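Enquirer: Dropping the structure in here first, questions after.
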Amino acid sequence: MYGIWFTLEAAKKAGFAGDELIVAGALAGRESFWNPWATNMNPSTRDVSYGLWQINLILPTTKRLLFRDLGLALGEMQLLEPETNARAARWLYNRSPSVPFYAWGPYKDIPPLW
């Protein structure tokens, strides 16, 4: 069974804790309704977001580095696995330490939990 508790377990395994864990869980709810198989295609850009945290790979550099660092040899579909998606979310989170959860809102000048 999937949902908030399953999502929080995946986020914990990825290294989220305390307030970060709460925000990560809430973001997954906003992004995918805690559905690990959620995919969202943007027809205007042809990019797709994957999984609980809707990991987007439109930037080739991000995709290449994420795949290398997480060992994603089988491609984007691996991001539909909850623990892999949580690790990818943590990877993105770690790349924006001065602005927490930058990839989920602040890059558009809005808070991550708008």
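The values are calculated or read from the model by the stated rules, or taken from the named source; none is laboratory data. No experiment lies behind these values; they were computed from the predicted model shown. Positions of Cβ are backbone-derived with ideal geometry, glycine not excepted, and every protein chain shown enters the neighbour counts. Heavy atoms of the whole protein, side chains included, go into the accessibility calculation; ligands, DNA and RNA do not. Shrake-Rupley method; radii C 1.70, N 1.55, O 1.52, S 1.80 Å.
Enquirer: Roughly speaking, to the nearest percent, how much of the stretch 33-114's 1.4 Å accessible area is carbon and sulfur?
Expert: 59 percent
Enquirer: Next question, about the same structure. Work out how much length Tyr102 to Leu65 would gain on full extension: take 0.36 nm times their residue separation and subtract the Cα-Cα distance, in nm to one decimal.
Expert: Taking 0.36 nm per residue and subtracting the Cα distance, the gain is 11.6 nm.
Enquirer: Could you give the size of the charge dipole of the chain about its Cα centre, using +1 on the Cβ of each K and R and -1 on the Cβ of each D and E, expressed in debye and rounded to the nearest 20? Walk me through the intermediate numbers first.
Expert: On the way: 11 positive and 10 negative charges, 52 e Å.
Dipole size: approximately 260 debye.
Enquirer: Could you give the length gained on full extension between Ile110 and Met41, defined as 0.36 nm per residue of separation minus the Cα-Cα distance, in nm? Please list the in-between numbers first.
Expert: Values: separation 69, 0.36 × 69 = 24.84 nm, distance 2.16 nm.
Residue separation times 0.36 nm, minus the Cα-Cα distance, leaves 22.7 nm.
Enquirer: Rank Asn94, Ala38, Phe16 by how far each Cα sits towards the positive end of the charge dipole of the chain (+1 on Lys, Arg Cβ; -1 on Asp, Glu Cβ) and give me just the farthest.
Expert: Asn94
Enquirer: Send over a whole-number figure in Å² for the accessible area per residue of the stretch 27-114, probe 1.4 Å.
Expert: Working: 5120 Å² over 88 residues.
On a per-residue basis, 58 Å².
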